[in-house]
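The values are calculated or read from the model by the stated rules, or taken from the named source; none is laboratory data. From a predicted model like this one, the values you see are computed outputs, not experimental measurements. Glycine gets a Cβ as well: all are built from the backbone with ideal geometry, and neighbour counts include every protein chain shown. Side chains are part of the model used for accessible areas, which takes the heavy atoms of the whole protein and leaves out ligands, DNA and RNA. Shrake-Rupley method; radii C 1.70, N 1.55, O 1.52, S 1.80 Å.
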Amino acid sequence: MPIDPLLDAAAIDAASANERHDMAERTPVEEALRESEARFRAIFEQANVGIALVAQNGRPLSFNPGFCAFVGYSEKELLQMTIAEVTHPEDLAREQELTRKLIAAEIRDYTIEKRYLRKDGSVVWGSMTATLVRSASGEAMYTLAIIQAIEERKQAEEQLRESEERFREFAENSADVIWIVDAHRQRLEYLSPAFERMWGESREPLLCDLTHWDELVHPDDVEKASTLLPRLLAGEPAVVVQYRIVRPDDGAVRWIRDAGFPIRDKDGAIRRVGGVAQDVTEDKERTAALHLSEERFRVLVEGANDYAMFLLDPAHMVTFWSQGAERVFGWTEEEAVGQNGEFVFTPEDRRKGEVQKEIDTALREGRAPERRWHLRKDGSRFWADGVLMRLDDDSGEGVRGFAKVARDASDHRRIEEQLMHARDELEQRVIERTADLMATNNELERTMAQREQLERELLEISEREKRRIGEDLHDMVCQELTATALFLKTAATKLADESPAAAETLNESAQIVNRNVGLARDLARGLQPAELSASGLKDALRALAAHACENSEITCHFKAARGVRVTDDSVALHLYRIAQEAVNNAVKHSGAKNILVTLDRNREHICISVQDDGKGFSLRRRSKGLGLHIMRYRANALGGELKIEKRRRGGMDITCVIPAKR
């Protein structure tokens, strides 16, 4: 018969006591059953795993010592509890659903990893396998649960998960590309997102086909890059390869430093291969620039034999001595390196502290120019022209030393002294010559002043003569001609009856004389306009414009700005003569149809302008007449300027601008 799980320990002991009485009466089947029950009890009591027997209604029937030790309760305490009380709430529903399916015969058994609540309040992980035990008739009797502690495995899994999470967090945020390849299948297991930023290519094609890697490598570097994986699979502990890639998105060429390493299992077999790829393009460029700079420095230093170049540390000790320094100073590199830099200074400069002054200037300003005497190895001196420069460290906050460049400028100093002497002599000669020129200039200024005075007097005499001639023409000639015309008309009247033909001739003669009277008056008015003074300048210019319109088809206008006043009679006369000359030239020679005379002023200047629409004249051809010369002289005499320009639409614009206050 099967073991009755409802039998308690007393019943089992009683059965054992009666076992001896019934030994003789037992059948072989009963004896085998008794032995099976004994073996089950021994296994139940001594098993290292937890064993629990649970009735169909969920009531616990029995717990072995292994389970009691697992949850920390005694069997007596557990028999008064339910399975739900030692099960973590988050795992209870899942276990109950599986138990329901087990009882309903939907499944034969099940295994679940669940958390158990210990008596001390801690939580432990266990793997439970539940099996429904049925009677010989197939009736469900109880559930047998075997629980194995998996806390260590769970902790290992959690540690592994945390380790993988830390690795993934590191790899996903790393600026370098991290990759892992399965050694057997030779396929990528992992490729960090930095690949897409560095290569400019999606990760998906490469995760599907590792050979796609070669398509992204520069054609000249494919052979070198393809040796990385075979060398690692062959067992090399670490392989570093530098190659170029061509980014598909922009075609840029980048340098990659790929460092790979094998990943072995416990047996030492290579299961995976990993590596880190870095973009070293900027490092390559900086290295190339550094090499180029060093090469240029070497060529410069070694080729400049006329210049002494040497380096000093912060303590002013020589650390480098060029071939040029050997030639200039005489000390060899072995003799100079390690000495204090002051050994090239003269004793008097050392006593005066010139060495420290030079260092302080370089520290403060970055460079300290120097022009002084220096010593050679043989004790001779030479005049040096050079500079001491401060060398900052990479941080820019500290000083890593000094660099000094100097050359032998003795010949240059001698030439400078000769030039200085020659300059002093030249300056003395210049002073003497300047005195002569000043005397000549003063004489010339007196002569020019006399000439200007003479020219002004000539103009004044000319104006007086014009006025006298104009007055004579007006007062004498015009009156005589008027009297003659009157006499001719009177005579014509007397002879009208006796000789009509003679009378007609006399009348015509009288008309001719009257016309000559008009011409003489115009000539007199041109020589001296009536009432020409500072206050009458506008009227004189207006009369000039009106006279230009008489006996011609020319239209001449005069415009004066409001408030224009000329208070000096001499200035008014010069301005009028300039306008008169310009108007007469336009009337006689330009063929103009319209002439405009304007008088304007601002706070600083007075301006008179004559514009016409005629054919103009060439400004390059020197005029043989004196009109333009006289106009320019009059403008200069007033301290102003005469401007003669061609108008865009034809004709000329003659403008005189003089200061408002003279």
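May I ask you to say which residue of Arg603, Arg634, Arg647 is within 19 Å of Lys538 (Cβ to Cβ) and not hydrophobic (A, V, I, L, M, F, W, C)?
Residue meeting the stated conditions: Arg634.
Of the residues Asp258, Asp267, which single one is at pLDDT 80 or above and not in a loop (DSSP other than H, G, I, E, B)?
Being at pLDDT 80 or above and not in a loop (DSSP other than H, G, I, E, B) holds for just one of Asp258, Asp267, which is Asp258.
Any idea how many residues of region 119-128 are closer than 22 Å to Thr99 by Cβ and either assigned to a helix (DSSP H, G or I) or open to solvent by 50 Å² or more (accessible area, probe 1.4 Å) (or both)?
Residues meeting the conditions: 2.
Go through region 255-277 and give me each residue that's open to solvent by 40 Å² or more (accessible area, probe 1.4 Å), closer than 16 Å to Met198 by Cα and of a type outside the set (Lys, Arg).
Across region 255-277, the qualifying residues are Trp255, Val276.
Just checking, how many residues over region 496-514 are surrounded by fewer than 16 Cβ atoms within 10 Å (Cβ to Cβ) and aliphatic (A, V, I, L, M)?
Count: 4.
Could you tell me which residue of region 577-608 is modelled with the lowest pLDDT, considering only residues that are open to solvent by less than 70 Å² (accessible area, probe 1.4 Å) and closer than 16 Å to Arg648 by Cα?
Here the residue is Ser590.
Quick check, is Glu45 of a type in the set (D, E, K, R) and either surrounded by 13 or more Cβ atoms within 10 Å (Cβ to Cβ) or free of Cβ contacts under 8 Å to residues at least 12 places away in the same chain (or both)?
no
Identify all residues within region 542-560 that are in contact with a helix residue (DSSP H, G or I) (Cβ under 9 Å, 6 or more places away or on another chain), open to solvent by less than 100 Å² (accessible area, probe 1.4 Å) and not in a loop (DSSP other than H, G, I, E, B); write none if there are none.
The answer is Ala543, Leu544, Ala545, His547, Ala548, Thr555, Cys556, Phe558, Ala560.
Just one of the numbered conditions (1) surrounded by 12 or more Cβ atoms within 10 Å (Cβ to Cβ); (2) at pLDDT 85 or above is not true of Ala93; which one?
So Ala93 meets the others, but not (1).
Hey, any hits in region 357-364 for a residue that's aliphatic (A, V, I, L, M) and more than 37 Å from the chain's Cα centre (by Cα)? It would help to see each step written out before you state the result.
Our first condition is that a residue be aliphatic (A, V, I, L, M); within region 357-364, this holds for 359, 362-363.
Of the ones still in play, those that are also more than 37 Å from the chain's Cα centre (by Cα) are none.
For region 357-364, residues aliphatic (A, V, I, L, M) and more than 37 Å from the chain's Cα centre (by Cα): absent.
Would you mind telling me which numbered condition in (1) within 27 Å of Arg327 (Cβ to Cβ); (2) modelled with pLDDT under 90 His374 fails?
Of (1) within 27 Å of Arg327 (Cβ to Cβ); (2) modelled with pLDDT under 90, only one is false for His374: (2).
Looking at (1) modelled with pLDDT of 90 or more; (2) over 56 Å from the mean Cα position of the chain (by Cα); (3) surrounded by fewer than 18 Cβ atoms within 10 Å (Cβ to Cβ), can you tell me which one Asp653 breaks?
Checking Asp653 against (1) modelled with pLDDT of 90 or more; (2) over 56 Å from the mean Cα position of the chain (by Cα); (3) surrounded by fewer than 18 Cβ atoms within 10 Å (Cβ to Cβ), the one that fails is (2).
With respect to His557, is the statement that it is of a type outside the set (Lys, Arg) and either modelled with pLDDT of 90 or more or on the phi > 0 side of the Ramachandran plot (or both) true? Can you show your working first?
Numbers: of a type outside the set (Lys, Arg): yes; either modelled with pLDDT of 90 or more or on the phi > 0 side of the Ramachandran plot (or both): yes.
So His557 fits the description; yes.
With the structure loaded, tell me whether Ala52 is of a type in the set (Gly, Ala, Ser), within 21 Å of Glu113 (Cβ to Cβ), at pLDDT 85 or above and not in a helix (DSSP H, G or I) or whether it fails that test. Before you say what the answer is, go through the steps one by one.
Details: of a type in the set (Gly, Ala, Ser): yes; within 21 Å of Glu113 (Cβ to Cβ): yes; at pLDDT 85 or above: yes; not in a helix (DSSP H, G or I): yes.
Yes: the conditions hold for Ala52.
Keeping to region 345-374, report how many residues are touching a strand residue (DSSP E or B) at 6+ places or on another chain (Cβ under 7 Å), among the hydrophobic types (A, V, I, L, M, F, W, C) and touching a residue at least 40 places away in the same chain (Cβ under 8 Å).
Number of matching residues: 1.
Within region 190-205, count every residue that is crowded, with 19+ Cβ neighbours inside 10 Å and among the polar types (S, T, N, Q).
1
Within region 139-189, which residues are of a type in the set (Val, Ile, Thr), open to solvent by less than 50 Å² (accessible area, probe 1.4 Å) and within 30 Å of Arg59 (Cα to Cα)?
If we filter region 139-189 for residues that are of a type in the set (Val, Ile, Thr), which is where we start, we get 143, 146-147, 150, 177-178, 180-181.
Subset that is open to solvent by less than 50 Å² (accessible area, probe 1.4 Å): 143, 147, 150, 177-178, 180-181.
Listed by number, the residues that qualify are Thr143, Ile147, Ile150.
Which pairs turn up if I take residues in region 100-123 that are over 16 Å from Gly50 (Cα atoms) and look for partners that are of a type in the set (S, T, N, Q) and assigned to a loop (DSSP other than H, G, I, E, B) with beta carbon separation below 9 Å, at least 6 apart in sequence or on another chain?
Ile103/Gln56
Out of everything in region 218-242 that is among the hydrophobic types (A, V, I, L, M, F, W, C) and either open to solvent by 30 Å² or more (accessible area, probe 1.4 Å) or touching a Phe, Trp or Tyr at 6+ places or on another chain (Cβ under 6 Å) (or both), what residue ends up being modelled with the highest pLDDT?
Val240
Answer yes if at least one residue in region 409-423 is in contact (Cβ under 8 Å) with a residue 12 or more places away in the chain, within 42 Å of the chain's Cα centre (by Cα) and outside any helix (DSSP H, G or I), and no otherwise.
No, region 409-423 contains no residue that is in contact (Cβ under 8 Å) with a residue 12 or more places away in the chain, within 42 Å of the chain's Cα centre (by Cα) and outside any helix (DSSP H, G or I).
Mind counting the residues in region 106-118 that are part of a loop (DSSP other than H, G, I, E, B) and open to solvent by less than 70 Å² (accessible area, probe 1.4 Å)?
The total comes to 2.
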